[in-house]
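In what follows, a structure is listed as structure tokens, so that the remarks can point back to it.
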Amino acid sequence: NAGVTQTPKFQVLKTGQSMTLQCAQDMNHNSMYWYRQDPGMGLRLIYYSASEGTTDKGEVPNGYNVSRLNKREFSLRLESAAPSQTSVYFCASSVTEAGANVLTFGAGSRLTVL
Amino acid sequence: QKEVEQNSGPLSVPEGAIASLNCTYSDRGSQSFFWYRQYSGKSPELIMSIYSNGDKEDGRFTAQLNKASQYVSLLIRDSQPSDSATYLCAVKEGGSQGNLIFGKGTKLSVKP
């Protein structure tokens, strides 16, 4: 039972390079999310997708794009990476419980931009 | 700006003691509250959810909610070294989308 799978786990980029973080869930969840986690800043929502075919900006969307490819997959793209995007990125999916989005996280992707 | 505040710690307790982790939030419309545990280098995992005022117990964990005071806490009884982790408080935003706002976390260290 894989849950939420993210790839790659580690990536080093040079400033200006582009890359895509991939995320897939096998729990048949409607909603998926991308967070970044930085020391002293906590988890911050980048983008989310409430259902297949929809995406919305979170707290820190600048410099990122997302694609909800199908119900299972939600990718995060950095078109021109900047050192400020050095972070740990978590994908999550959620099931609704009592009106709340209960999140299950992937293992994380550690990105370094030089 | 909706906020979730936690003491960053580290909170150090001896093995077998009760660890008390606290969280306050600013959005009076919040209805759902969560505690996630995050081991170093790992992803957050849900350990407790609470939706009503009062206490909710699950094994050694008790979540406490006081909506009037905008305060939620997590008690860990008989703390074990394996409980050493960062504990994240998360609050569902008021409104239909229901996204979570996370606190910055409290680092707990349980000493043998």
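No lab work stands behind these numbers, since they all come straight from the coordinates. Quick caveat: nothing in here was measured; it's all calculated off a predicted structure. Here the Cβ is made from the backbone with ideal geometry for all residues, glycine too, and neighbour counts use every protein chain on show.
The table below lists the values:
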quantity	calculated
Shape parameters for the stretch A:2-81, alpha-carbon atoms, Rg then Dmax in Å	12.6, 36
Karplus 3J(HN,Hα) series, Hz, for the stretch B:14-28 with 6.51 cos²θ - 1.76 cosθ + 1.60 (x for Gly, Pro)	x, 4, x, 7, 8, 9, 10, 10, 10, 8, 10, 9, 9, 7, 5
Alpha-carbon centroid distance for the pair the stretch A:10-43 / the stretch A:64-81, whole angstrom	9
Values of log10 I(q)/I(0), in the order q = 0.14, 0.24 Å⁻¹, for the stretch B:14-112 under a Debye, Cα-only, solvent-free model	-0.50, -1.30
Projected-area mean, the protein assembly as shown, by convex hull of Cα positions, square nanometres	12.3
Contact order normalised by residue count of the stretch B:38-112, Cα under 8 Å, 6+ apart, percent	24
Cα pair count fraction exceeding 18 Å, expressed as % - the stretch B:1-57	49
Gaussian network model of chain B, Cα within-10 Å springs - most flexible of B:65, B:88, B:46	B:46
Amide H contacts of residue B:108 (H built 1.01 Å from N, under 5 Å, at least 5 apart or other chain)	B:11, B:85, B:86, B:87
Charge dipole (the protein assembly as shown, unit charges on Cβ, about Cα centre) - positive-most of B:24, A:98, A:58	A:58
Cβ-based exposure ranking for A:43, B:21, A:114, in which fewest neighbours within 10 Å come first	A:114, B:21, A:43
Calculated over the stretch A:68-114: convex hull of Cα atoms, volume per residue (Å³)	95
Max mean-square fluctuation residue, GNM over chain A, Cα-Cα springs under 10 Å, options A:98, A:82, A:24	A:98
Within 10 Å of each Cβ in B:99-106, the average number of Cβ atoms from other chains	6
Fewest-first sequence of B:89, B:23 by Cβ atoms within 10 Å of each Cβ	B:23, B:89
Rel. contact order, % - alpha carbon contacts under 8 angstrom, at least six apart, chain A	35
